[in-house]
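Working notes for the structure below.
The values are calculated or read from the model by the stated rules, or taken from the named source; none is laboratory data. It should be emphasised that the depicted structure is a prediction, and the values quoted were computed from it without experimental measurement. Note that we place each Cβ from the backbone using ideal geometry, even for glycine, and neighbour counts take in every protein chain shown. Side chains are part of the model used for accessible areas, which takes the heavy atoms of the whole protein and leaves out ligands, DNA and RNA. Shrake-Rupley method; radii C 1.70, N 1.55, O 1.52, S 1.80 Å.
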Amino acid sequence: MKEINPKETSRAYAFEMWMKAPMPMVTFFKTLNVSRLVKISRRKGLKFNMLMCYCIGRAASSVKEFYMLPVGEKLMQYDKIAVNTIVANSKGEVSSCDIPFNDDLAQFNRDYMLLTQQVSKSCTDHDLSQESMIIGTSALAQYEIDGAVGMYSGIFNNPFMIWGKYTRHWLKTTLTISFQFHHVQMDGAHAAKFLNNLQTEINNLR
């Protein structure tokens, strides 16, 4: 990552307006049709959460705002994206695991399985924040929730997604997600584009 001058980017106005705001985070909610993910997960024996993380990475990689992030009082630019997942570890607690995004689903799956297993056994976080812009995720897959708003610590400004258990309907399966983002990083239109991209990536997954 490298520091960039906000005035020389498309985020100049947002940086001036929102960088020192007491609550600069915005949260969107969206209900996704995840029928295809469930089908592929069962047919190919792939984890649903891994497929979600892959589609999130695919959707974000086409939105240039995801490659910038306010860190401290600076605006940083990244060349790569990673998707974070929370892992139940061998101590009965949770650890954090950053998965480097790879457009190749097979490679992403190998990285996901290897790294999450390592983190689970070692109880040591796998952190890529110095080299990649991290999209945080938290899957409460055993619980039915209508939505969740992430905590703003004032330290971590990364975009963050939360979801619970998907819901089966007669003709489709849906999943309600929340997406929290820092207003300096992107505007509502960018976030909405990302969420639309996410649904498209899910629909087109092979």
From DSSP H assignment alone, runs of 4+ in the chain each adding -39500 (n - 2.57), the sum over residues rounded to the nearest 500 puts [θ] at 222 nm at -10000 deg cm²/dmol
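State whether the range 48-87 is rounded, prolate or oblate according to the following rule on the C-alpha gyration tensor (a ≥ b ≥ c being the square roots of its eigenvalues): a/c under 1.5 gives rounded; otherwise a/b larger than b/c gives prolate, and the remaining case gives oblate.
The shape class here is oblate.
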Cα-centre dipole for the range 92-206 with unit charges at Cβ (Lys and Arg positive, Asp and Glu negative), debye to 20: 460 debye
Those residues of the range 48-80 whose amide nitrogen sits under 20 Å from the label point placed on D104, 7 Å along Cα→Cβ: 50-59, 61-62, 80
Over the range 1-121, with the other protein chains present, what is the accessible area per residue in square angstrom, probe 1.4 angstrom? 53 Å²
Count neighbours as other Cβ atoms within 10 Å of each site's Cβ, and list the GluC sites (Glu not before Pro) in the range 41-122 that are DSSP loop with at most 11 such neighbours. E73, E93
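By accessible area of protein heavy atoms, probe 1.4 Å, what ranking do D79, D98 get, highest first?
D79, D98
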Provide the solvent-accessible area of I145, counting protein heavy atoms only and rolling a 1.4 Å probe, rounded to the nearest 10 Å². 50 Å²
Please list S61, S178 in order of solvent-accessible area, largest first, computed with a 1.4 Å probe with all protein chains present. S61, S178
Accessible-area order (highest first, 1.4 angstrom probe) of the listed residues T116, T200: T200, T116
So what does D187 come to for accessible area, using a 1.4 Å probe and Å² rounded to 10? 50 Å²
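When 1/r is averaged over all different Cα pairs and the result inverted, which Kirkwood radius in Å belongs to the chain?
17.5 Å
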In nm, to one decimal, how far is the R42 label point from the M113 one, both placed 7 Å along Cα→Cβ? 2.1 nm
Diagonalise the Cα gyration tensor of the range 98-188 and give the resulting equivalent ellipsoid semi-axes, square root of 5 times each eigenvalue, largest first, whole Å. 23, 21, 14
Gain in length, L171 to F29, computed as 0.36 nm per residue apart minus the alpha-carbon separation, to one decimal in nm? 48.9 nm
Got a number for the accessible area of M161? Probe 1.4 Å, square angstrom, nearest 10. 0 Å²
In whole percent, and with a 1.4 Å probe on the protein chains, what portion of the accessible area of the chain is carbon and sulfur? 51 percent
